[in-house]
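The numbers here are math on the coordinates, done by the rules we state, and not lab data. Treat the numbers as computed from the prediction; the structure is a model and nothing was measured. Every residue, glycine as well, gets a Cβ built from its backbone with ideal geometry; the counts of neighbours run over all protein chains shown.
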Amino acid sequence: MKKTTQQPRVVIIGAGVGGLSYAIALKRQFGFENFTIYEKADEVGGCWRANTYPGCSSDVEIHWYSLSSDLNPYWNKSHGLQPEILEYWIRLSKKYHLYPHLVFNTKVISAEWNASANDYKIVTEDVRTRKRTTSTAQIVVSGVGVLEIPKIPYEIKGLDKFGGISFHSAQWPGGLDLRHKRVAVIGNASSGAQFVPSISADPTVDVVNFIRTPVWFNTRPHIPYSDTEKWIFANIPLAMWLHRAYIMFKFDWPSIKPQSEEAREKRRQAMRQYILDTTPSKYHDYLIPTHPPGCKRTVANSGYLASLSRPNVTLVFDGIAEIAEGGIVTKKGELLPFDIIIYATGFIGDKYPVHVTGLNGTTVQGYYDVHGGPTAYYGTTIPDIPNFYMLAGPNTGTPTSTLFVEEVQVAYSLQLVKPVLDGLVSSFTVKADATDAYNARLQERLSHSVHSQCYSWQRTGGDGKIFNPFPWAVTLWWWWLRRPNWAHYSASGAEKWVRGRRIEKAYGVLKVVVLALLSGAYVRRSTLLPTFVGGLSYAIALKQKLGFHNFTIYEKASEVGGCWRANSYPGCASDVLVHFYSLSSELNPYWNKSYGLQPEILAYWTSVAKKHSLYSNIVFDTEVISADWDATAQSYSIVTESVKTKEKTTSTAQVLVSAIGNLTTPRIPHEIPGFGSFKGEAFHTAEWPSGVDLRNKRVAVIGADSSGAQLIPALSEDPTIQIEAFVRTPAWFNTRPHVPYTSTEKWMFANIPYAMRLHRNWIMLKLDGPHLISQILPESQEAKQQRRKLMEQYILDNSPERYHPHIVPRYPPGCKRTVADNGFFLSLSRPNVSLSFDGIASIVDDGLMTEKGQLLSFDTMIYATGFIGDEFPVRVRGADGITIQEYYGAHGGPTAYYGTTIPGFPNFYMLAGPNTGLPTSTLFMEEVQIAYSLQLVKPVLDGIVSSFSVKADATDEYNATLEKLLSPSVHTQCRSWKRTGGTGKPFTPFPWSAFQYWWRLRQPKWDHYTHIGGEPWKRRMQFLKVLRILKILAVMGVLAYYMKGSSFMLTMSKRIPADPVVGSLPIAPNWKRTLQMLTAWYRSLVREV
């Protein structure tokens, strides 16, 4: 950006929080230095410098009254006191070197726009010498705000007759001594309610508070932040941001959700009762306002109401007739003597204190007068006044944070300022019709609001136009001002800028056209996926994250949904809480129960596929037969077959993604003698026939694990169906009832920001927390035994006594998948359900022969026998000439690098591959895999790299770690489908937590991959490595700085005292060990780089 040392191009009026925020943004966002801040006082801080009265504090929680770029973890209380807030802004002014830009003791008298020069003529005056100076500026920013001109009650007769000391609370004299004085306080709103408790804490100060109109109060105690909380804010990433976000939500939510008349009245009665409960009964007839809450500003009570019970505090509601030399005469004629009178009478908000003139002689105050009071376009710009921007202008008052409102205005106006500073535009001026339309809408809403129902300083003249409140949520304020509506502005000298915008638009269109042409031209870049939910998730990610559309999904069935389409048996449901079994980018607030049923889940994925227009990319009724890597062409040759016509087709793809998962191939018990001889209906639960009628049938269910435990309760609800369930090995169960979501909960998920996301995160924490903790604090044998006894007791308590000798498993919990009980044990007490533990000797034409020789006749046989997980169903051949299944065989079972890539298979990625079985959500794990693999896929799709292939040694090392952890684990203590051949290598479990899976796969370790092609990409990665080294060195430099002289850890331990909840942190006794760990971590990072 071009800079000049000539006269300032930007002038900021006022060094309050708005003016300082603007100056900081100019420096941080633009690196712009050519600005001057004129401040009539001798220090920064604005109202926080001027208002030094005792007890002065923010009435907004202080963590939301901080600059978003400079959060402060060390605030002492929930609501900041004036000295602390002023010190914060002085510190920021020093941090950003603003003092060289500040001209103190200088008041801006006028600013007149010169249309020929496209700048303002600025007249300033030294407040001490009265000397005036003229300068120019292209841009003027008003940081004056509405707390500029104290409102002195000149309307009171005899104001100048008082012989004692009198002053406004915003002009509190330094060193004022109130001891043994009689003090009159006129007004009890914001400032009066803050300093009356403070000055009356001294019992020698006799305080009489004159109240004309009582106000509504709510409680906002100043809660101290503990040392532990400050440490958390300072050291735990995002902790302070989350706290700030919670404050914003808490304050803004009432503005988002409309209140009914009943709710308003209930709130009014609650506030009324609060005042009555907190104040002496002698004031009850006078202290309750007649106007509704919200018409005037609700005052934060932090001790005022309690102070009214002090013997040295008196309230007077008689009204003031006049001020006499020795005190105040009430309207009842009583003379009350005083030594000091303090005016807590607020500020004048409907006058603009600087004479700013724009085009056609328009002044800010003149524009206000013509429009019936302060008026602006979003409180920021005014028609006919070019390059002039206001902070905290008309109708920017919200019940939340003024500083947040001003930060939004700063970000908005800087988008208008930048083209001017870049020399592309001479000036911007908001159009009158846009301003009129906005204000018409604004006043229409305000005229029907509570703000019109009382006499207030927020209205012109007290009862005219409502000029202060913003009548919507502050979230909408941010949304509407996130970027300018350029059609609402006229630009002067903007030919370059207009051309630039046209070029940008044309470039955007050109990019779309080029991408469309490329996607049609390069078939070799297609990506093939089967349509299990992982396949749909991958396709959506390709569209959303990469904007890539040239992919094909092959699905052997005739509809999407994978296992949720195939498994249509009665009672089929997720065994993971459904809000954590939804796509993170497509949360659904309308799930009916805590665990989703199959029809609902299938409908969800069908709607998602339609929403993202995936059907045009799907080839149904087509099975992938083989995929062979062609090293010369750097692509796969794909052979597919129509399941209807058996016609085969060949195509190519650079990237191949397998979303088959391990619930694809049903495990049919062919090993049972006589299998195939049964004459009745027989099928697997994953191949449930459409329209099957089991009424008045005898049904054998072989297996009672996941699917069987869901199927049996649903089938047995019909008493005409006689069910015999054959259990070879009983399973461990825990209770997971399907709790319905109420309509209120659904409404909250749909309408309250972050409510559904927080609910989802809570589910993850609940499910994954124990596994994460177990990595730090391994479960003791005693705890394991106790957990086993509890699970055993649950089974015995809920199942019929006749099954007790057989129904409790003999292997430890966790070896097989723990089954979710949602009615299974309850169904065992039904007369039409029985369990058999005898074992099956053979299948005969009309039923089963048990191992005890009993012949049982059945009409239908259902196999609830799970799936084959140790075989890969597609013949994929890699660069080394071997298939995936052959690679599995050579390694003792399914093996991959983090279940996602396999050595020798370039550009091939798996979802739900080997050892990705998490105890939480399969879908979460697949989303992690997708985000990970897309980082490898993108350079290939961009044409920068031809292929990536994971290294064999990296894969072997990872799997050796897996085997080391899984071999002595519970997963090897029983026969299970999770092990090759039932007793071999555990190929399903991931032995860490879901959080650790995400952490490990958040980005690829590029040195674990080989690539072909991509020299520019390689150079870029080398540059990023150098950058990473520099970042590490910077971190270590900071650590070294804090460690010099004395131990950093020891110093931190001294800052953190023992907490009654947390206990003393174990950082001090072990600081040497901690330092050794930090050093080892640093060295490992350097080695990795």
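I'd like the Kirkwood hydrodynamic radius of the stretch 691-778, using the inverse of the mean 1/r over distinct C-alpha pairs, in Å.
On the way: mean 1/r = 0.0583 Å⁻¹.
Result for the stretch 691-778, one decimal place: 17.1 Å.
Using Cα pairs closer than 8 Å and at least 6 residues apart in sequence, work out the relative contact order for the chain, in percent. Each step should come with its number before you reach the end.
Working: 1906 pairs, mean separation 94.2, N = 1089.
Once divided by the residue count of the chain, the mean separation gives 9 percent.
Could you tell me which of rounded, prolate or oblate describes the stretch 680-722, using a ≥ b ≥ c as the square roots of the eigenvalues of the alpha-carbon gyration tensor, with rounded for a/c under 1.5 and, failing that, prolate when a/b is larger than b/c and oblate otherwise?
Since a/c reaches 1.5 but b/c is at least a/b, the shape of the stretch 680-722 is classed as oblate.
What value, in deg cm²/dmol to 500, does the helix sum -39500 (n - 2.57) over DSSP H runs of n ≥ 4 give at 222 nm once divided by the residues of the chain?
After summing the helix terms and dividing by residue count, I get -11000 deg cm²/dmol.
Full-extension gain between residue 546 and residue 447, please, as 0.36 nm times their residue separation minus the C-alpha to C-alpha distance.
30.8 nm
By the scheme Lys and Arg +1, Asp and Glu -1, what is the net charge of all other residues having a beta-carbon under 12 Å from that of residue 273?
With Lys, Arg at +1 and Asp, Glu at -1, the neighbours total +3.
Can you work out the base-10 log of I(q)/I(0) for the chain at q = 0.06, 0.07, 0.10 1/Å, using the Debye formula on its C-alpha atoms alone?
The Debye formula, applied to the Cα set alone, gives -0.68, -0.88, -1.31.
If we count every other residue with Cβ under 15 angstrom of residue 120's Cβ, Lys/Arg +1 and Asp/Glu -1, where does the sum land?
Charge balance in the 15 Å sphere: -1.
For the stretch 857-942, what does the alpha-carbon gyration tensor say about shape, rounded, prolate or oblate, given a ≥ b ≥ c as the root eigenvalues, a/c under 1.5 as rounded, and a/b over b/c as prolate?
Working: a/c = 2.54, a/b = 1.54, b/c = 1.65.
Because a/c hits 1.5 or more and a/b fails to exceed b/c, the stretch 857-942 counts as oblate.
Are there trypsin sites (Lys or Arg not before Pro) in the stretch 144-182 that DSSP marks as loop and that have at most 14 other Cβ atoms within 10 Å, and which are they?
Sparse-neighbourhood loop trypsin sites (Lys or Arg not before Pro): 179.
Distance in nm between label sites at residue 1000 and residue 875, each 7 Å beyond Cα in the beta-carbon direction?
Rounded to a tenth, the inter-label distance reads 3.3 nm.
If the viscosity is 1.306 mPa s and the temperature 10 °C, what translational diffusion coefficient in µm²/s does Stokes-Einstein give for the stretch 276-391 when Rh comes from Kirkwood over Cα pairs?
84 µm²/s
Ratio to report: Rg/Rh of the stretch 776-826, with Cα atoms as the point set and Rh obtained by the Kirkwood method; give two decimals.
1.01
How long is the stretch 111-180 along each principal axis, judged by its Cα atoms, biggest number first, in Å?
62, 27, 20
Cα centroid distance between the stretch 6-82 and the stretch 561-590, in Å?
Answer, in whole Å: 51.
Give me the Å³ per residue figure for the convex hull around the C-alpha atoms of the stretch 40-116.
Per residue, the Cα convex hull of the stretch 40-116 comes to 150 Å³.
What is the magnitude of the charge dipole of the chain about its Cα centre, with +1 placed on the Cβ of each Lys and Arg, -1 on the Cβ of each Asp and Glu, and no other charges, expressed in debye to the nearest 20?
Result for the chain is approximately 2280 debye, rounded to the nearest 20.
Going by Cβ distance under 4.7 Å, what cysteines of the chain have no possible disulfide partner?
By the Cβ distance rule, which asks for a partner under 4.7 Å, the isolated cysteines are 47, 56, 563, 572.
I'd like to compare 578-584, 975-981: which one has the highest average count of other Cβ atoms within 10 Å, and what's the full order after that?
So the order, starting with the most tightly packed, is 578-584, 975-981.
Excluding residue 12 itself, what net charge comes from residues whose Cβ is under 14 Å from its Cβ, given Lys and Arg +1 and Asp and Glu -1?
+1
Measure out, as a whole number of angstrom, how far apart the alpha-carbon centroids of the stretch 138-202 and the stretch 223-268 sit.
Between the Cα centres of the stretch 138-202 and the stretch 223-268 lies a distance of 31 Å.
Rounded, prolate or oblate for the stretch 260-321? Axes are the square roots of the Cα gyration tensor eigenvalues, ordered a ≥ b ≥ c, and the cut-off for rounded is a/c under 1.5.
Since a/c reaches 1.5 and a/b is larger than b/c, the shape of the stretch 260-321 is classed as prolate.
So what's the gap between the Cα centers of the stretch 114-133 and the stretch 658-728, to the nearest angstrom?
90 Å
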